[in-house]
1. Would you be able to tell me the number of residues in segment E:77-87 that are open to solvent by less than 10 Å² (accessible area, probe 1.4 Å), closer than 20 Å to D:L254 by Cα and touching a residue at least 24 places away in the same chain (Cβ under 8 Å)?
2. Here are the criteria: (1) open to solvent by less than 20 Å² (accessible area, probe 1.4 Å); (2) more than 9 Å from every other protein chain (Cβ to nearest Cβ); (3) in contact with a helix residue (DSSP H, G or I) (Cβ under 6 Å, 6 or more places away or on another chain). Tell me which single one E:T195 does not satisfy.
3. Working carefully through the options D:A234, D:A187, D:A215, find the one that is free of Cβ contacts under 8 Å to residues at least 12 places away in the same chain, at negative phi and within 12 Å of chain E (Cβ to nearest Cβ).
4. Quick one: what pairs do we get from segment D:52-69, first residue closer than 15 Å to D:R90 by Cα, second modelled with pLDDT of 95 or more and assigned to a strand (DSSP E or B), C-beta under 6 Å, 6+ apart or different chains?
5. Could you tell me how many of the residues in segment E:198-212 are of a type outside the set (S, T, Y), farther than 13 Å from E:P144 by Cβ and more than 11 Å from chain A (Cβ to nearest Cβ)?
6. Taking C:D189 as the residue in question, decide whether it is open to solvent by 50 Å² or more (accessible area, probe 1.4 Å) and under 16 Å from C:M224 (Cα atoms).
7. Collect the residues in segment B:56-71 that are in contact with a Ser or Thr (Cβ under 8 Å, 6 or more places away or on another chain) and surrounded by fewer than 24 Cβ atoms within 10 Å (Cβ to Cβ), keeping them in residue-number order.
8. Counting only residues that are without any contact (Cβ under 8 Å) to a residue 40 or more places away in the chain and buried (at least 16 other Cβ atoms within 10 Å of the Cβ), how many does segment C:135-173 have?
Amino acid sequence: MDRREPPRTEEGWYVLHDFRTVDWDAWRAAPDRERQRAIEEGIDYLTAHEAVADADAGGSATFSVLGHDADLLVLHLRPSMAHLDTAERRFEATALADFTEQTDSYLSVTEVSGYMSQDYFEGEEVEDTGMARYIESRLKPDIPDMEHVSFYPMDKRRGPEDNWYDLPFDERSDLMSGHGDIGRDYAGDVTQIITGSVGFDDYEWGVTLFADDPAQIKKLLYEMRFDPSSSRYAEFGRFRFGRRFPPEDLGALLAG
Amino acid sequence: MDRREPPRTEEGWYVLHDFRTVDWDAWRAAPDRERQRAIEEGIDYLTAHEAVADADAGGSATFSVLGHDADLLVLHLRPSMAHLDTAERRFEATALADFTEQTDSYLSVTEVSGYMSQDYFEGEEVEDTGMARYIESRLKPDIPDMEHVSFYPMDKRRGPEDNWYDLPFDERSDLMSGHGDIGRDYAGDVTQIITGSVGFDDYEWGVTLFADDPAQIKKLLYEMRFDPSSSRYAEFGRFRFGRRFPPEDLGALLAG
Amino acid sequence: MDRREPPRTEEGWYVLHDFRTVDWDAWRAAPDRERQRAIEEGIDYLTAHEAVADADAGGSATFSVLGHDADLLVLHLRPSMAHLDTAERRFEATALADFTEQTDSYLSVTEVSGYMSQDYFEGEEVEDTGMARYIESRLKPDIPDMEHVSFYPMDKRRGPEDNWYDLPFDERSDLMSGHGDIGRDYAGDVTQIITGSVGFDDYEWGVTLFADDPAQIKKLLYEMRFDPSSSRYAEFGRFRFGRRFPPEDLGALLAG
Amino acid sequence: MDRREPPRTEEGWYVLHDFRTVDWDAWRAAPDRERQRAIEEGIDYLTAHEAVADADAGGSATFSVLGHDADLLVLHLRPSMAHLDTAERRFEATALADFTEQTDSYLSVTEVSGYMSQDYFEGEEVEDTGMARYIESRLKPDIPDMEHVSFYPMDKRRGPEDNWYDLPFDERSDLMSGHGDIGRDYAGDVTQIITGSVGFDDYEWGVTLFADDPAQIKKLLYEMRFDPSSSRYAEFGRFRFGRRFPPEDLGALLAG
Amino acid sequence: MDRREPPRTEEGWYVLHDFRTVDWDAWRAAPDRERQRAIEEGIDYLTAHEAVADADAGGSATFSVLGHDADLLVLHLRPSMAHLDTAERRFEATALADFTEQTDSYLSVTEVSGYMSQDYFEGEEVEDTGMARYIESRLKPDIPDMEHVSFYPMDKRRGPEDNWYDLPFDERSDLMSGHGDIGRDYAGDVTQIITGSVGFDDYEWGVTLFADDPAQIKKLLYEMRFDPSSSRYAEFGRFRFGRRFPPEDLGALLAG
């Protein structure tokens, strides 16, 4: 019953997944002028945030979410929690907010861990600029320009028999490496942003997947489920699925 | 602790189960003209979608749902997520939406897996046109013309002792085959549409059963529960039960 | 890991437990004339359904439910799902519905299983008319004329160690028989209606107990909990408890 | 896999824990006259019930509950379920009810069990009038005159390894006896009312603790958690904590 | 199956975590004068409580909470439950309360336990004034002046294999000591307030962490998760994350 060696981690941008439902009854009942104002202020908000007008760095994107849990997802990546806090409250100051309710959210931070890039963390001079670029791309990722998004939070299991946190470092490292191999088979088809959330939200990680073809997301996750890192050590939360849309299409989206 | 071989899968139409409750207080209080308009727009929406006027292919059907969780189920099968996204939002643009709330939903895609039809997936020339037709009927299914529907989502178990995803391929294949045998005993009485939802919704599969005699659904599922594929490896979500009705009966349905 | 033999079952009447809360704020605020109309239409609905005016056979009864989950339970037994579907929606067409909300429900069907009456199911000529009458009384039960009701749904456990569905038939039959013995000790004091709900609602069975003395229900269930069929194999859902009242007392009940 | 011997039990008064939140927005917005009427009718209701004007025997008490789950707890002990049913509905007939919502409740009955007092249950003549008085004090308890209350429901565990209901009677009796010893160490500081709820509510028991010093409740329960009857066999539900107030202080309480 | 020795504990200030959402729709719709009054009364309330005007001792602080669960956290430490009860209700008497709803809360008390400071509890004269000061600082803590806060409740596990409450005292003491070592590595970066809640709220402890750099909270908790006290014995509840703000910034915060 010894303490296991944790991987070193490095954190980058803070991330807010801001899920909102549309109050369709209010929307249908609203006079045209109010709707128009809501659309204009909504587009202004979304456009400004996608342009990262509120910070030196980061990214934002907007999605139409399928199903009853939410209608919209606004995804924000920013250098600080303060930026996210402000972005969340500024939405509430728009006329669009009159027609939405924030029903779900997830707070996390981009991370790279020492499983993947031990040399980097062991302080060796990173001459390998490929590695440096890779790490930079994980800590300060571009939001992929793909049509669909899938988001879910997850934990690593701490059961009496399958306990991720009680495995030796090398075993965890091997498992993560095998897990990563599957992801690489889908390179180009599915792009992921992995964020850590211990201490920030109810699960340990958030996973955000992007793909043009939704079936590729399903195939990737299904294949991973047969890998021991998932089959024996993963606990999944809720899944949300959406389609990206450019802010200027907000009016068309709300028109049905 | 090796990675297990996943079955290959092929995906077909995307599927939205759209569950809605009726706001009966508002319905009783509404003037006749408003009710009439809601019924007309509702019938128009449902008729157009059942006729698949919005896409080249697919199917839709409408059900009255028993119990407190929902009053209506609108089931949509379409070639793309974009079709489903639009169908869901278009409902909100009808006057009927004033009297309903979307309280539940399920997002998935029809699938066939390599457990059932390995030859097909192994690239052998499918001379067996029966097999080809079978697969087509699973990926692009007709919605059966039967009175009752039962829907539930499910996972395969990943416990420390009973772990579906840690079984060898052949064992899973045998289990699926035995499971399928039970279903075949009910051919003609119960028809099913199996959809995959990994990455799309909270469970791994959705199961939609159709039957004229509700007791046949109960008997089939009860018999399956004694089969190891269910008794040891299935985790079930909520169950919803409904009765199909033609769109033109919407007014009678809402009249009580 | 073989498939176990399921018991044969026979199904009878379909059953809806329709739980509703009273909107007491609206009730207190309503003018006398509206209240009077709600009471009259409520009594008409309940009286007609208790008289089974809507079907050739069945039964209905009304209960005041204690606690915050519900205020009323309307219990319907009918020959078809269509009858239940109509009964549920007809309630919404009454003025009483303005003051209630359907917050819970359970959908099931009366059943007898081959554990209890194997001869019957084995096609032997049932000369034993006592057995025939017993089965008839389970499939088409009279609602007992007793003051109190307790309802709960339940599953049989499918854990890695205690797995009901993985027990041999004879072992399950012995367990059910021992379980039944306890029930028989309470004959006259507690009467039960057992209904199956696989495919219809979230649990596998619904149990509805009737007694004049509430303590007898508690004693019966507590005694059963020490029987292995419960101690090792039962998973219980929520419990609801109520007191029967005749429809004509509805006004007094709502007066506080 | 034999049936275990249940303890015999005797039941006394039925108990309703009636938890309500205050609608503070409505309260602040209400005209003085309405508030005054709500306070008066609230005090009348609480005073009459604490005086048990509605029954031959029993007791009632009122508490301010901390935290978001509830603001008020009205605790009723009465000889019959009918008394509780009436008490619950009569609250809804007061003007105070306009400003509260019943958000939680618990329904149970006082009990003594054969673990504690086997002689009594074995029909031996109870010459020991101390024992008779003890049992009477458990079945028809006075509500202790102490400042704080803690309420929680609980089950005994039925896991594959730790299964209370599968232990021999003597082992359970020893465990209960050891458990009781801890309670006795806190005599005078913490007083408890134990109620059974199998068949009445979602857990098997309700525990209501009273103390002037809240830390004594914490110390008692923490100490018990190291006793096997809790550490291996208890499953706890939600915890609610409140402070008693006399009905005449209702106005001051609502004033903030 | 013997009773294990509990650690002795000493309790200090009672603690209420009062989480509230802002009703943004009402806020946007309110006339300036009402908003101004809400801000003024809100600032008065927060300022007075941060100055502990209502008690002889204690502390309060206010935070903006990220995500959908809450918008504000008001944290109160006070010498008695009565103080917390009053503080909670006084908030409801402010005009700010018109624009907030209490959606979550946690009730607990500061504690030190005999694992950490056995000598102190064993009645040895505490000449070590360092120890005395340390204990005082845990029972009557200053709220750290740091930008971010993370709150979560937790239990120690009582599973059949990993059962904290069934470990010998010395083993628990060693585990707590190792656990504490990790915390000490983050001294200066992360400060914690540990509170006990057995009998007061749904979990056994509340953990409130303070840091200027949010990543330090994540790193600390992630490292602890590999320590057996967490990896094998901890069960975590929900996580909430916020940013401190001075009461006078309330208006700016609500402005978006």
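1. Final tally of qualifying residues: 3.
2. (3)
3. D:A215
4. D:A55/D:R78; D:S60/D:H76
5. 8
6. yes
7. B:H68, B:D69
8. Summing the residues that are without any contact (Cβ under 8 Å) to a residue 40 or more places away in the chain and buried (at least 16 other Cβ atoms within 10 Å of the Cβ) in segment C:135-173 gives 3.
The values are calculated or read from the model by the stated rules, or taken from the named source; none is laboratory data. Computed from a predicted structure; not experimentally measured. Methodologically, a virtual Cβ is constructed for each residue, glycine included, from the backbone with ideal geometry; neighbour enumeration extends over all protein chains shown. Only protein heavy atoms, including side chains, enter the accessible area calculation; ligands, DNA and RNA are left aside. Shrake-Rupley method; radii C 1.70, N 1.55, O 1.52, S 1.80 Å.
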